[in-house]
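Presented below is the structure to which this report refers.
The values are calculated or read from the model by the stated rules, or taken from the named source; none is laboratory data. Predicted, not measured: the structure shown is a model, and the values here were computed from it. Note that we place each Cβ from the backbone using ideal geometry, even for glycine, and neighbour counts take in every protein chain shown.
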Amino acid sequence: MITVRRTVYMPWPRADQQAAVGVTCYASTEKDIFLQCVSAGDEAYIRRSENNGQTWERVEDWVGSVPLENGNTLSTSLPAAYLDPHTGRLVRLMLENISAPRVGADVSWFPAAATQKLYLQYSQDEGLTWSEREQLVICGDEFDETHWAPEICYGKNGGVVMVDSAFTRADGTIVMPFTMARVPDEGEVRYQGHYLYLIAHDEEHGAWERQDACLLGHWREDGSGLDWDISNYVRVPQTNSIDGACEPGVCELPDGRMFMIIRTRTFPDSAVEMPGSKHYAVSEDGGATWTEGQILRYDDRGAVYAPASFSRVFVSSKNGRLYLITNINDVPCYGCDPRTKLQIAEIDMDTLRVIRDSVTIIDERQEGQQESIRFSNFAWYEDRHTANMILFMTPAPGPTGTWAEGNVKDSPRSIDCGVPPHAYRYEIVLPD
């Protein structure tokens, strides 16, 4: 039996602002030192704890936006850190891109998705100091700062890394899930549903398609940094998702296989009318090659209805079982909602199907709360003492328009979702 304990972790700063906790990771293989990214209202910073999170010290303020002369903004994400358990070294990544002023409710990704670059820093002293930034560029003569990964060219498209789902293989290779915005080949047709057109479309490239992969990092002999290879790209059939595969979460199974959970999206006014679901892919060679994404199902073969939302998978060091954390719905759904329930469920490692009877609610909408409230976009880590999973999540207001009808432009949001926007801590107590 799985149980969940929820407490207020970081109170909201003001009534019109949210407190949110980002990537949290251990900074030492031997000591209970943590690094944690935090946003509290208009502030973003990194804090450090050397006593297992009992007290914190604010160690680095983060300026995420710098105005450019042409009216655009150079944006740099809060850094997401990963501790390599084999070497004790830390690596952190930052996403940099250029964003244009938002015009009305138009949420076009261009130029943001076309100008994405990834930068890395390294620490060998438990995060006290960091190296100079270096751009992540895949190894090989064909790659450089502009063409920095296969099928990616700065100014045309880009990609991001899911650092929170990174892990180190037995041979010391660091595996980091990766997702990119693929530009369709000349003459290729992507489904042009209203929702896809708004979210992932620009006049030059048309509708982008997302693809997932794994970056494979190898430490240089002098320990100064990582050199990177990349797996094949994982695609989802066009009949299953209007914009491909997105936001992968990856873990390694006890038998050596790797399991990837994939976000996909469907929409009823496109050629993809199947209900929303999660997909998965498998690698049997350490993450170098992956199968095509396929639909995730229950153990009774029923569909796992799910919106396009954040998902993570892990094998518990407490009991050796495979778990999924995501938003699961009881009835068919489309687009990115509803996210009114966040659940954890066990996946059978032989069949790779969700055990229906294992689905357990982590949090859900209560009476008086906004009907489209969102319990999603969590930060997480496994506690090294209890082996329980720790989540940090801030309930967020959802859209007030009718997303099932593609009414994106008429979907304003309010800070008031009926829950004080604290950052909450959830301890998921797993069975032995």
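In table form, for the structure just shown:
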item: Matching residues, the stretch 111-142, being more than 22 Å from the chain's Cα centre (by Cα) and modelled with pLDDT under 95; result: none
item: Of all residues in the stretch 213-242 being small (Gly, Ala, Ser) and more than 15 Å from Leu118 (Cβ to Cβ), the one that is surrounded by the most Cβ atoms within 10 Å (Cβ to Cβ); result: Ser241
item: Matching entry among Gln36, Gln54, Gln18, Gln116 (being farther than 29 Å from Pro177 by Cβ and either out of contact with any helix residue (DSSP H, G or I) (no Cβ under 6 Å at 6 or more places or on another chain) or surrounded by 17 or more Cβ atoms within 10 Å (Cβ to Cβ) (or both)); result: Gln54
item: Lone unmet requirement of (1) crowded, with 16+ Cβ neighbours inside 10 Å; (2) within 30 Å of Thr29 (Cβ to Cβ); (3) of a type in the set (S, T, N, Q) for Thr87; result: (1)
item: The listed residue being out of contact with any Lys or Arg (no Cβ under 7 Å at 6 or more places or on another chain), modelled with pLDDT under 95 and either within 22 Å of Ser224 (Cβ to Cβ) or surrounded by 15 or more Cβ atoms within 10 Å (Cβ to Cβ) (or both), out of Ser108, Ser49; result: Ser108
item: Residues (closer than 19 Å to Thr239 by Cβ, crowded, with 20+ Cβ neighbours inside 10 Å and touching a strand residue (DSSP E or B) at 6+ places or on another chain (Cβ under 7 Å)) located in the stretch 322-334; result: Cys333
item: Cβ pairs under 6 Å, 6+ apart, first in the stretch 1-15 and closer than 16 Å to Met389 by Cα, second acidic (Asp, Glu); result: Arg5/Glu427
item: The lone exception for Trp12 - which of (1) outside any strand (DSSP E or B); (2) surrounded by fewer than 16 Cβ atoms within 10 Å (Cβ to Cβ); (3) of a type outside the set (D, E, K, R) it fails; result: (2)
item: Pair list, Cβ under 6 Å, 6 or more apart: the stretch 300-314 residue buried (at least 17 other Cβ atoms within 10 Å of the Cβ) and outside any loop (DSSP other than H, G, I, E, B), other residue among the hydroxyl-bearing types (Ser, Thr, Tyr) and modelled with pLDDT of 95 or more; result: Phe314/Tyr323
item: Pair list, Cβ < 8 Å and 6+ apart or interchain, from the stretch 56-78 residues that are within 19 Å of Gly159 (Cα to Cα) to residues that are of a type in the set (Asp, Glu) and not in a loop (DSSP other than H, G, I, E, B); result: Leu74/Glu96; Ser75/Glu96; Thr76/Glu96; Ser77/Glu96
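Conditions tested, residue by residue: (1) crowded, with 16+ Cβ neighbours inside 10 Å; (2) farther than 19 Å from Asp383 by Cα; (3) of a type in the set (A, V, I, L, M, F, W, C).
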position: Ser317; (1), (2), (3): no, no, no
position: Gly320; (1), (2), (3): no, no, no
position: Cys336; (1), (2), (3): yes, yes, yes
position: Asp363; (1), (2), (3): yes, yes, no
position: Gln370; (1), (2), (3): yes, yes, no
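Rundown of residues vs (1) crowded, with 18+ Cβ neighbours inside 10 Å; (2) part of a loop (DSSP other than H, G, I, E, B), yes/no style:
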| residue | (1), (2) |
| --- | --- |
| Ile261 | yes, no |
| Phe267 | yes, yes |
| Ser270 | yes, yes |
| Pro275 | no, yes |
| Lys278 | yes, no |
| Thr289 | no, yes |
